[in-house]
Amino acid sequence: MKRLIVITAIALVAFASCETEDSIDGKSNPSIEFNEKLTYGTMTDQNGNTYKTIQIGTQTWMAENLRTTNYNDGTPILSVSDLSTWGTLTTGAASTVNKTTKSDSILLYGRYYNWYAVNSQKLAPAGWHIPTYNEITTLISFLGGEAVAGGKLKEAGTKHWKADNLGATNESGYTALPAGYLSASGYFESVGSGAYFWCKDAYGVYTAWDIYLFYNSAALVRNFNYKTSGFSVRCVKD
């Protein structure tokens, strides 16, 4: 009888774990530390994923990282698991942090996209778009300049960010998370310590604009990187 009880208990635990994993698919992530003092909206992408949104000045931004697996015309985005080929691609592609297939991790950090997916003009959900360099400039200006904008965008605390997560207040509600990035060489970098987001604008033949935030600074840095890199994406409302 005791053996039967133990087996039943194990089965119930396994079922509960599966139920928890499945129940979060397509929903806004409850484990992210959003700013409870602010009022968030919601939006839905072409896969039916729901995201929180936040108004910052005159702009409305996604408050979570994009995680769609399809373009807005329904076409699948190339999903890459063999990272030895990642840096050779010149068409749109996506991957996940540490190649995870776990829905809770994807819900938290979203997906990486190369700039070719960004430049497809089809990555953003209908009514939204990838921010331009000028729109990033508007955001930075509203938040008081590059030296402090990063802290106002980062998720507060060290639940997901590496200590000490300097200057992080998330007073904007943007709630940037440290998904790091996938390098053009196919390596995962800065997971837990940095957040990297694409801009729409190209910088050169092989590079495009991006912004990044880091755990040891309150600054937002505008930079350019290889188009074959994999960065997070946040969209802004049309």
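For the stretch 44-58, name all the residues that are within 15 Å of the chain's Cα centre (by Cα), over 22 Å from residue 137 (Cα atoms) and crowded, with 18+ Cβ neighbours inside 10 Å.
Scanning the stretch 44-58 gives 45, 49, 51, 52.
On the given criteria, is residue 214 more than 13 Å from the chain's Cα centre (by Cα) and buried (at least 20 other Cβ atoms within 10 Å of the Cβ)?
yes
Residue-by-condition table, conditions (1) within 16 Å of the chain's Cα centre (by Cα); (2) modelled with pLDDT of 95 or more; (3) closer than 16 Å to residue 234 by Cα; (4) not basic (Lys, Arg):
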| position | (1), (2), (3), (4) |
| --- | --- |
| 16 | no, no, no, yes |
| 61 | yes, yes, yes, yes |
| 75 | no, yes, no, yes |
| 89 | no, yes, no, yes |
| 94 | yes, yes, yes, yes |
| 113 | yes, yes, yes, yes |
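Answer yes or no as to whether residue 12 is surrounded by 10 or more Cβ atoms within 10 Å (Cβ to Cβ) and either modelled with pLDDT of 95 or more or touching a Leu at 6+ places or on another chain (Cβ under 8 Å) (or both).
no
In the stretch 176-211, which residue that is among the charged types (D, E, K, R) and closer than 25 Å to residue 81 by Cα is surrounded by the fewest Cβ atoms within 10 Å (Cβ to Cβ)?
Once the filter is applied, the top-ranked residue is 189.
For the stretch 116-132, give me each residue that is assigned to a helix (DSSP H, G or I) and either touching a Ser or Thr at 6+ places or on another chain (Cβ under 6 Å) or surrounded by fewer than 22 Cβ atoms within 10 Å (Cβ to Cβ) (or both).
Selection gives 116 alone.
Can you find even one residue in the stretch 133-156 that is surrounded by fewer than 17 Cβ atoms within 10 Å (Cβ to Cβ), touching a residue at least 12 places away in the same chain (Cβ under 8 Å) and not in a helix (DSSP H, G or I)?
no
I'd like to check which strands (runs of 3 or more DSSP E) are fully inside the stretch 25-85 and have at least 3 residues that are in contact with an Asp or Glu (Cβ under 9 Å, 6 or more places away or on another chain).
Answer list for the stretch 25-85: 50-56.
Every residue in the stretch 173-200 that is outside any loop (DSSP other than H, G, I, E, B) and under 14 Å from the mean Cα position of the chain (by Cα), please.
176, 180, 181, 182, 194, 195, 196, 197, 198, 199 - these are the residues of the stretch 173-200 that are outside any loop (DSSP other than H, G, I, E, B) and under 14 Å from the mean Cα position of the chain (by Cα).
Residues in the stretch 59-72: is at least one surrounded by fewer than 20 Cβ atoms within 10 Å (Cβ to Cβ), under 21 Å from residue 195 (Cβ atoms), of a type in the set (Val, Ile, Thr) and in contact (Cβ under 8 Å) with a residue 60 or more places away in the chain?
Checked the stretch 59-72: at least one residue is surrounded by fewer than 20 Cβ atoms within 10 Å (Cβ to Cβ), under 21 Å from residue 195 (Cβ atoms), of a type in the set (Val, Ile, Thr) and in contact (Cβ under 8 Å) with a residue 60 or more places away in the chain.
Can you name the number of the only condition in (1) among the basic types (Lys, Arg); (2) out of contact with any strand residue (DSSP E or B) (no Cβ under 7 Å at 6 or more places or on another chain); (3) under 22 Å from residue 175 (Cα atoms) that residue 154 fails?
Only one criterion is unmet by residue 154, namely (2).
Being among the hydrophobic types (A, V, I, L, M, F, W, C) and over 25 Å from residue 31 (Cα atoms) narrows it down to one of 66, 89, so name that one.
None of the other options fit; the residue is 89.
Of the numbered conditions (1) buried (at least 20 other Cβ atoms within 10 Å of the Cβ); (2) more than 25 Å from residue 32 (Cα to Cα), residue 224 satisfies every one except a single condition; which is it?
Answer for residue 224: the failing condition is (1).
Consider residue 41 against the criteria (1) of a type in the set (Gly, Ala, Ser); (2) at pLDDT 95 or above; (3) more than 30 Å from residue 171 (Cα to Cα): it satisfies all of them except one. Which criterion is unmet?
(3)
Specify the residue that is farthest from residue 232 (Cα to Cα); the eligible residues are those in the stretch 157-170 that are surrounded by 17 or more Cβ atoms within 10 Å (Cβ to Cβ) and touching a Lys or Arg at 6+ places or on another chain (Cβ under 8 Å).
167
The values are calculated or read from the model by the stated rules, or taken from the named source; none is laboratory data. Keep in mind that this is a model prediction, so the values were computed, not measured. Here the Cβ is made from the backbone with ideal geometry for all residues, glycine too, and neighbour counts use every protein chain on show.
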